[in-house]
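Throughout, read-outs are computed from the coordinates displayed, never taken from laboratory work. Because the structure is a prediction, the values reported are computed rather than measured. So basically every Cβ, Gly included, is an ideal-geometry build from the backbone, and we count neighbours across all protein chains shown.
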């Protein structure tokens, strides 16, 4: 599915956190959103996913305006997201986390007639765990997982919704080099396997320029530039504001 | 064996033991204890549907206990309904009241939710005190409960009241257990664990929250009806805020993570009360001291403490 924003604007007090941003993510693309701290990247995701209301502009999925929809409706429309600080259900095991998410996705969250898990939830949970390399940790209580596995679980929960569009807010935040590489492998694997429109926020420029097909650069709420990695690398405005000169070297 | 069948089996065995007990040993004191326990344990367990299962800490849950007692006593005194319809109508009216109160409260978070529930309970209490023509004011609804007959049981007799209470206690607890173990119960746990994530899995949060608020109120009213039968009427104390505190004590004392925690807590609370009122006039002080010891010594409810201790033992022996 194609994700599009038009003239999206959000102000906090007098400060425009997102200022008239217009941008399109084509169906099946892998895009990165970069920018210095405070550039409005997380706000951008919060606006798209309905976590906060925009002051102006529109968000469109496959041309349909979803700006006024609530979070639950946007989720049903096919948009899933993972968070900068992993969000999951810490007292449940990994398997329970995923089975609960699958049940929620299938509209069984209000079922009072049977015991948990509802039929079919378990095999699907196993599939998702395998896709993210969490199969061996299935019976561990989520609170005891390593930081990297918690981030993977957060993404796994989003995937339980069978999204067509997936937003990942700093999937590698707080990770060491090895964990980072594993996470990026997984993200690429999921993207190619599920044919998702995937957008991720990332600070590590090596990762961004290595895997992203398209890059959008935000700076103080404004869209500084958007395009292919090659175009971004050579964009004078981006270099001046953000990248510096070192990236030009290779 | 499925968990449902296993728990159903346990419930049936416990019920058979409770119903058979008077045939083995006749103890009016034991029967009296179970009657009082059934009311408090249903009430405390219903509170734990909110506190433990959903992470919604209500300070005003006692209003539904009081509502159940008053609604039932009034229906029995003022209408010609027989016991069972009056009982069912009471639960229905409580659900309606909870829908209204919950509609206001569930949008609020944490401490705001707690205090608005408390405020509404105090309002409810004031109405009971002021509306003398209906409720008897601070004197309560006296004059007893007429037509105390259900399914051939005349519950003027303590033995029969005991049987009815035992049945409702076991059935009520089993129903609440089933709720917490259902997919709906898991949804509540998701909301308790991480509300933002639950919302992002497409769960419209207000619906499960309002639903559990109403369910918890209905089970509290069930306890209130039993209390009303026991005291033969309804008194403002049944709706006053310390009654909410008592349920919170029972929950904290027994454990919020174990399903039977509130039942254990209720039994401990009643037993402490019975023992200390007999030996000292400062029973409140002693009881408070014991609760403090539990809270500071175990730092969690008794059943939670035992469970965690056992889990640690298993981990160590592995």
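For chain B, what is the calculated [θ] at 222 nm in deg cm²/dmol (nearest 500), taking -39500 (n - 2.57) for each run of four or more DSSP H residues and dividing by its residue count?
It comes out at -26000 deg cm²/dmol, rounded to the nearest 500.
Given springs between every Cα pair under 10 Å in a Gaussian network model of chain A, which of A:208, A:187, A:15 has the largest fluctuation?
Residue with maximal mean-square fluctuation among A:208, A:187, A:15: A:15.
From the helices alone, meaning DSSP H stretches of at least four residues, give me the mean residue ellipticity at 222 nm for chain A, per-run term -39500 (n - 2.57), in deg cm²/dmol to the nearest 500.
Estimated from H runs of four or more residues: -9500 deg cm²/dmol.
Arrange A:106, A:81 by Cβ neighbour counts within 10 Å, fewest through most, would you?
A:106, A:81
Using Cα centres only, tell me the gap between the stretch A:16-76 and the stretch A:193-213 in whole Å.
17 Å
Out of B:16, B:53, B:239, any idea which swings most in a Gaussian network model of chain B, alpha carbons joined below 10 Å?
Greatest mean-square fluctuation among the candidates belongs to B:16.
May I ask you to derive the FRET efficiency for residue A:114 and residue B:84 from their Cβ-Cβ distance with R0 = 30 Å, giving the value to the nearest 0.05?
My answer for the efficiency is 0.60.
Once R0 is set to 41 Å, what does the formula 1/(1 + (r/R0)^6) return for the Cβ-Cβ distance between residue A:58 and residue A:144, expressed as a FRET efficiency to the nearest 0.05?
After rounding to 0.05, the efficiency reads 0.45.
Given the C-alpha atoms of chain A, compute the convex hull and give its volume per residue in Å³.
Spelled out: Cα convex hull of chain A, divided by residues, is 130 Å³.
Averaging sequence separations of C-alpha pairs under 8 Å and six or more residues apart, then dividing by the length of chain B, give the relative contact order as a whole percent.
Normalised by residue count, the contact order of chain B is 31 percent.
Any idea how far apart residue B:10 and residue A:37 come out in nm if each label point goes 7 Å out from Cα toward Cβ?
5.1 nm
Whole angstrom only: what separates the Cα centroid of the stretch B:170-217 from the Cα centroid of the stretch A:99-135?
If you average the Cα positions of each part, the centres end up 16 Å apart.
If you take every DSSP beta bridge fully contained in chain A, what fraction is antiparallel? Give it as a percent rounded to 5.
55 percent
Evaluate 2.2 N^0.38 Å with N set to the residue count of the protein assembly as shown, then give the Cα radius of gyration divided by it.
Output field value: 1.17.
Can you give me the C-alpha center-to-center distance between the stretch A:142-169 and the stretch B:98-130, rounded to a whole angstrom?
That distance is 37 Å.
Between residue B:30 and residue A:2, what is the label-to-label distance in nm when each label sits 7 Å out along the Cα-to-Cβ direction?
The answer from the label model is 7.7 nm.
Which of B:238, B:229, B:100 moves the most in a Gaussian network model of chain B with Cα springs under 10 Å?
With Cα springs under 10 Å in chain B, the top fluctuation among B:238, B:229, B:100 is at B:100.
Could you work out how far helix A:121-131 tilts from the main Cα principal axis of chain A, as a 0 to 90 degree angle to the nearest 10?
40 degrees
Given a cut-off of under 8 Å on Cα pairs at least six residues apart, what relative contact order in percent is computed for the stretch A:3-248?
28 percent
At what distance in nm do the modelled label points of residue A:210 and residue B:171 sit from each other, each positioned 7 Å from its Cα along Cα→Cβ?
It is 6.5 nm.
How compact is the stretch A:114-250 by the rule of thumb for globular proteins, expressed as Cα Rg over 2.2 N^0.38 Å?
So the stretch A:114-250 has a normalised radius of gyration of 1.25.
May I ask for log10 I(q)/I(0) of the stretch B:3-240 at q = 0.09, 0.14 Å⁻¹, from a Debye sum over the Cα atoms as equal point scatterers with solvent left out?
-0.40, -0.92
Give the percent of DSSP beta bridges with both residues in the stretch A:68-203 that are antiparallel, rounded to the nearest 5.
The answer is about 10 percent antiparallel.
Please work out the Kirkwood hydrodynamic radius for the stretch B:89-202, using every pair of different C-alpha atoms, and report it in angstroms with one decimal place.
Hydrodynamic radius (Kirkwood, Cα pairs) of the stretch B:89-202 is 18.2 Å.
List residues of the stretch B:22-63, by number, whose backbone nitrogen lies under 16 Å from a label position 7 Å along Cα→C-beta of residue B:150.
Only B:34-43 pass the distance filter.
As a test, work out the antiparallel percent of DSSP beta bridges whose residues both lie in the protein assembly as shown, rounded to the nearest 5.
Percentage antiparallel, nearest 5: 60.
Under 11 Å from the 7 Å Cα→Cβ point of residue B:207, by amide nitrogen: which residues of the stretch A:107-143?
Counting only backbone N, you get A:107-111.
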